[in-house]
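Worksheet: one structure, shown below.
Just so it is clear, none of the values below were taken in a lab; they were calculated from the coordinates. Please read all numbers here as calculations on a predicted model, not as lab measurements. Note that each Cβ is placed from the backbone with ideal geometry, even for glycine, and that neighbours are counted across all protein chains shown.
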Amino acid sequence: MMEVVGFEDPWSREPTWEPPDAKGYVAQLLATVESRLKTNTVAYWTEKFTEAGSPAGAMRLREEMPDDEQSWANGFLVRLDHELLGGVTVVAPPVRFSDSPLEVRAASPTLGAHSLAILMEAGLDAVTVEALVGRGVVGTS
């Protein structure tokens, strides 16, 4: 990195060297690296690091992820149909298991979509559930 970006750091090259003020030195080194990286584009630096044999790529911000081809190619994102919103992009499960594959099956339900079923499963009878709905205690969609 030092050679590609064009700066020197004796601390990384000489194990016994120590700056008099380590915090100040690191802050100054970071400022140097940042200022040098800002002199060119991400594409330029990616190419230079790749040429030097150091894998590199652009860091994506959250709002850029749906436009990133690699995110889709790696299966990190899934497109689903939502009852109210139409097509939505969601994050796929962040881990993969060979014997227990995880998958995104459906978009999030609308607020109250499962209220009745959940309350009945919890042991409430239909009359009690309907009374709660009627009083506005439980919402349904």
**Item:** Pair A73, L132: separation of 7 Å Cα→Cβ label points (nm)
**Value:** 4.9
**Prompt:** What is segment 2-51 by shape, rounded, prolate or oblate, if you read a ≥ b ≥ c off the alpha carbon gyration tensor as root eigenvalues and call it rounded for a/c under 1.5, prolate for a/b larger than b/c, and oblate otherwise?
**Reply:** oblate
**Item:** Cβ charges +1 (Lys, Arg) and -1 (Asp, Glu), total dipole of the chain, debye
**Value:** 220
**Request:** Neighbouring Cβ atoms within 10 Å as the yardstick, rank L30, L77 fewest first.
**Result:** L30, L77
**Fill in**
Nearest 10, in degrees from 0 to 90: the angle of helix 42-51 to the longest Cα principal axis of the chain is 60
**Item:** Sequence of D68, D99 once ranked by neighbouring C-beta atoms within 10 Å, starting from the fewest
**Value:** D99, D68
**Message:** For a quick check of your reading of the filter: which GluC sites (Glu not before Pro) in segment 74-141 sit in a DSSP loop and have no more than 16 other Cβ atoms within 10 Å?
**Reply:** E83, E103
**Item:** DSSP-loop GluC sites (Glu not before Pro) across segment 1-80, with at most 16 other Cβ within 10 angstrom
**Value:** E8
**Complete:** Taking placed amide H atoms and a strict 5 Å upper bound, the residues 5 or more places from L77 or on another chain that come that close are A92
**Asked** Got a sec? How would Y25, Y44 order by Cβ neighbour count within 10 Å, fewest to most?
**Response** Y44, Y25
**Request:** Would you mind classifying the chain by shape? Square roots of the alpha carbon gyration tensor eigenvalues, ordered a ≥ b ≥ c; an a/c under 1.5 is rounded, otherwise it is prolate if a/b is larger than b/c and oblate if not.
**Result:** prolate
**Asked** Looking at segment 1-91, which trypsin sites (Lys or Arg not before Pro) are in a loop (DSSP not H, G, I, E or B) and have at most 10 other Cβ atoms within 10 Å?
**Response** K38
